[in-house]
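The values are calculated or read from the model by the stated rules, or taken from the named source; none is laboratory data. None of the values given here were measured: they were computed from a predicted structure. Cβ: placed from backbone, ideal geometry, glycine included. Neighbour counts: every protein chain shown.
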Amino acid sequence: MAATEFAPWEDPQAKPLICFRNVTKRFGEFTAIDNVSLDIYAQEFFALLGPSGCGKTTMMRMLAGFENVTEGIIELDGADVGDVPPNKRAVNMMFQSYALFPHLTVWENIAFGLRRAKIPADDLTNRVEEMLKLTRLERFASRKPHQISGGQRQRVALARSLAKAPKLLLLDEPLGALDKKLRQETQFELMDIQEKTGTTFVIVTHDQEEAMTVASRVAVMDEGNLMQVATPDRIYETPNSVYVADFIGDVNLFKGTAKPVGEDQYQINWVESLPPLNATSSLPLNDGQSCHLAIRPEKVAINAEKPDDAVNAVQGKVVDIAYLGNLSTYYVELPDGTVIKAQTANTRRISRRSFTWEDPVWLSWTATAGVLLDS
């Protein structure tokens, strides 16, 4: 679903499916969730992203009804669900372990929840067949979980979770047990299934690449707080804090003090022996105010000579190279000891690298390449 077509969070008239209103969750003296307010819209694929212990799983467990809210309100489709038990919510949860019944076939695993809900036999059969087709498991319907692969078991768990057509599906680190290549394939399958069913998905993950791939929006969390909630491209290109810039992807962070030199133009004084950095930003900073400049490695150019038109240019020597097949990342040490990462795409076969260890190089970037952050 293209972001241009689907952006209910930008519509002031749109009513969210899920509302967290000043929600706090404490375990004894420990505050796991600290006064969080958040809206999630119908048909979103929403990601709660953060390191272990940031509160993302607690958020999900409160949504599912496995944890009670200490303060605040959670609404689902306009109704307060604080007193609604988990089995009475229009919510299903897919666990990391998949929790399949080993003695039941794939078909029977998918049918299990429908049988408990006393769905008529014909409707049940039709629904199971529909789920098998959706998850491309028709050939494996009569197999037991131990007779299929990890990726297929993951799809069985997904089919079982979707069989009762919940308004909301919660996914707790659903791809954590899969190897990298299968995880990437399954991410696109999940997106396809979510789009076909129109079910609202909320995924909890610590894997930033996963969140950035599947989600319509991402909430970056830290210590029970929402640090930033935005689309993946906004999170990456315009992080709102040093924490988010540093947590998402690779980044160069320069600490210094700002000096306004024109409308939306700043010089950043950072190392005494090096010239100031030039940055364009609409962030209102005072003269001498402490700040950080965050620049992604792919926005840093590396050359043997100083480019004539460079707005920002520093010289150093290559101290490390990470070759990732499609990309090469050069670690360049400046005279003061600062190491800057510059990334280049390996667009063709090379018999020899342009630069190698100990080579003197110039790094350069434009005034708009970085994001200025107050610190």
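Counting just the residues of region 156-188 that are of a type in the set (D, E, K, R) and surrounded by fewer than 18 Cβ atoms within 10 Å (Cβ to Cβ), which one comes out nearest to Arg115 (Cα to Cα)?
The residue in question is Lys164.
So, in region 230-267, exactly how many residues are part of a strand (DSSP E or B) and of a type in the set (Val, Ile, Thr)?
Counting residues in region 230-267 that are part of a strand (DSSP E or B) and of a type in the set (Val, Ile, Thr) gives 2.
Which of the numbered conditions does His103 fail, given that it passes all the others? Conditions: (1) closer than 27 Å to Thr205 by Cα; (2) outside any helix (DSSP H, G or I).
Looking at each condition in turn, His103 falls short on (1).
Of all the residues that make up region 13-35, how many are surrounded by fewer than 17 Cβ atoms within 10 Å (Cβ to Cβ) and touching a Gly at 6+ places or on another chain (Cβ under 8 Å)?
Number of matching residues: 7.
For region 321-363, which positions are closer than 18 Å to Gly256 by Cβ and surrounded by fewer than 19 Cβ atoms within 10 Å (Cβ to Cβ)?
The answer is Leu334, Pro335, Asp336, Gly337, Thr338, Val339.
Say whether the condition of being of a type in the set (Lys, Arg) and more than 21 Å from Glu209 (Cβ to Cβ) is met by at least one residue in region 253-267.
yes
Collect the residues in region 248-290 that are of a type in the set (S, T, N, Q), closer than 21 Å to Lys341 by Cβ and at pLDDT below 95, keeping them in residue-number order.
Ser273
With respect to Ala219, is the statement that it is outside the structural domain of Phe46 (by TED's automatic domain parsing), part of a strand (DSSP E or B), surrounded by 15 or more Cβ atoms within 10 Å (Cβ to Cβ) and under 28 Å from the mean Cα position of the chain (by Cα) true?
no
Can you say whether Lys255 is touching a residue at least 60 places away in the same chain (Cβ under 8 Å), closer than 30 Å to Leu285 by Cβ and in the same structural domain as Lys341 (by TED's automatic domain parsing), as far as the supplied structure shows?
yes
If you scan region 50-85, which residues turn out to be among the small types (Gly, Ala, Ser) and either outside any loop (DSSP other than H, G, I, E, B) or in contact with a Pro (Cβ under 8 Å, 6 or more places away or on another chain) (or both)?
Within region 50-85, Ala64, Gly65, Gly72, Ala79 qualify.
Among the residues of region 364-371, are any assigned to a strand (DSSP E or B) and free of Cβ contacts under 8 Å to residues at least 40 places away in the same chain?
No, region 364-371 contains no residue that is assigned to a strand (DSSP E or B) and free of Cβ contacts under 8 Å to residues at least 40 places away in the same chain.
Filter region 332-375 down to the residues that are at pLDDT 90 or above, small (Gly, Ala, Ser) and under 23 Å from Tyr236 (Cβ atoms) and list them by number.
Ala342, Ser364, Ala367, Ala369, Gly370
Just wondering, is there one or more residues in region 182-202 that are of a type outside the set (A, V, I, L, M) and more than 30 Å from Asp233 (Cβ to Cβ)?
Looking through region 182-202, none of the residues is of a type outside the set (A, V, I, L, M) and more than 30 Å from Asp233 (Cβ to Cβ).
Collect the residues in region 108-150 that are in a helix (DSSP H, G or I) and loosely packed, with under 11 Cβ neighbours inside 10 Å, keeping them in residue-number order.
Across region 108-150, the qualifying residues are Arg116, Ala121, Asp122, Asp123, His146.
Taking only region 286-308 into account, find how many residues are under 29 Å from the mean Cα position of the chain (by Cα) and either part of a loop (DSSP other than H, G, I, E, B) or among the acidic types (Asp, Glu) (or both).
3
Of everything in region 36-60 that's touching a Phe, Trp or Tyr at 6+ places or on another chain (Cβ under 9 Å) and among the polar types (S, T, N, Q), which residue is surrounded by the fewest Cβ atoms within 10 Å (Cβ to Cβ)?
Among those that are touching a Phe, Trp or Tyr at 6+ places or on another chain (Cβ under 9 Å) and among the polar types (S, T, N, Q), it is Ser37.
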